[in-house]
Ligand code: NAP
């Protein structure tokens, strides 16, 4: 029976729940754990039968792989970001692309708030201070207030709005996006102006060619030596070298980052800085949300196999 199922390439590890659900519907091929020779051998005998690629937002689908799968009809992303999938190439080959929006919005916004408070109030440093027995030797340096701060959000989409709703009770909210969308918050048409105004600059926009290195040395300079940067979007939106330089020179006060340009590798300057709080791309990583995301991936695979419209297509 299993050999009658279409093949689906799995480009990264998933939970047992998602792998189990997919395995009932497709012959799941653990592409991510195969070496180049095994991948080549697989393609030479099975490429015609590969209809689906299942992947993570941080990996997407390499264009060469897409081109080598003539029967490919669906790239199902277990995540929201689709910056690692060439949508024009997919469209030219009639390949549908799906993602898992909405179900992770709350978690990502929750983590953004956690990072803001952790950074401004020195929670991670404080934990180390106690654990490492430094407390008897003296108090920690003072933190900075969260209540009363100005929060500048880059990108007021689903996640940006959820962050705005959470931080509005703390202080003032301003934002930048290509269109002014929220009369309750102050709109800045220039990111440098938003950065100059904000105490906390939060990156929540989509990653695309327009937003690559959007937060550059000029924006960080505008944020200033008392300002902090929080990024839960994508590493590519921040010029990491400029950020490392700004942290080292004290041109900004600190940065809390869940995403990085070359994951899972994080620049040494960020890892060794006392001005950073770092998490390994875990903004959607709760049991409940990962299950809801898995259910959406499976719903999209089911819709595709039934020849129906995708449940949550990327448009
Ligand atoms: P969304 O609803 O599509 O919102 C994306 C926002 O980006 C839109 O409001 C858009 O506003 C803005 N944007 C696009 N280009 C821009 C530009 N050039 N300048 C300023 N703003 C721009 O997406 P979402 O669900 O909120 O997710 C946002 C991003 O979060 C995703 O793309 C993903 O990369 C990231 N994410 C990260 C994690 C994580 O684990 N850390 C989890 C989920 C998602 P305008 O169109 O008005 O410009």
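What ranking of 315, 276 emerges when the number of other C-beta atoms within 10 Å of each C-beta is taken as an exposure proxy, fewest first?
Numbers: 315 7, 276 21.
Final ranking by Cβ density, sparse to dense: 315, 276.
Below 8 Å between Cα atoms, with a sequence gap of 6+, how large is the relative contact order for the chain in percent? Dividing the mean separation by the residue count of the chain yields 16 percent.
Given a Förster radius of 25 Å and the C-beta distance between residue 295 and residue 46 as r, what FRET efficiency does 1/(1 + (r/R0)^6) yield to the nearest 0.05?
Details: r = 28 Å, r/R0 = 1.10.
Here the calculated transfer efficiency is 0.35.
Between the C-alpha center of segment 193-237 and that of segment 1-41 there is a gap of 38 Å.
Just to verify a number: FRET efficiency for residue 288 and residue 4, C-beta to C-beta distance, R0 = 25 Å, to 0.05? Intermediate values should be presented prior to the final figure.
Numbers: r = 34 Å, r/R0 = 1.36.
Efficiency computed from Cβ-Cβ geometry: 0.15.
Residues 16, 245, ranked from the fewest to the most other C-beta atoms within 10 Å, line up as 16, 245. Can you bin segment 178-242 into rounded, prolate or oblate? Criterion: square roots of the alpha carbon gyration tensor eigenvalues sorted a ≥ b ≥ c, rounded for a/c under 1.5, prolate for a/b above b/c, oblate for the rest. The shape class here is oblate. Between residue 172 and residue 25, the modelled label-to-label distance comes to 4.8 nm, taking each label 7 Å out from Cα in the direction of the beta carbon. Here residue 268 and residue 225 are evaluated by their C-beta separation; at R0 = 25 Å the FRET efficiency comes out at 0.65. Our estimate of slack between residue 36 and residue 179, defined as 0.36 nm per intervening residue step minus the Cα-Cα distance, is 47.0 nm. Beta bridges per DSSP, both residues in segment 169-315: antiparallel share near 5 percent.
Report the full-extension gain for the segment residue 87 to residue 131: residue separation times 0.36 nm, less the Cα-Cα distance, to one decimal in nm. Can you show the working numbers first?
On the way: separation 44, 0.36 × 44 = 15.84 nm, distance 4.83 nm.
So the extension gain works out to 11.0 nm.
Helical content alone sets the calculated 222 nm signal of the chain at -10500 deg cm²/dmol, taking -39,500 (n - 2.57) per DSSP H segment of four or more residues and averaging over every residue.
A short reminder: the numbers here are calculations on the coordinates, not readings from a lab. Being a predicted model, the structure only gives us computed values, none of them experimental. Methodologically, a virtual Cβ is constructed for each residue, glycine included, from the backbone with ideal geometry; neighbour enumeration extends over all protein chains shown.
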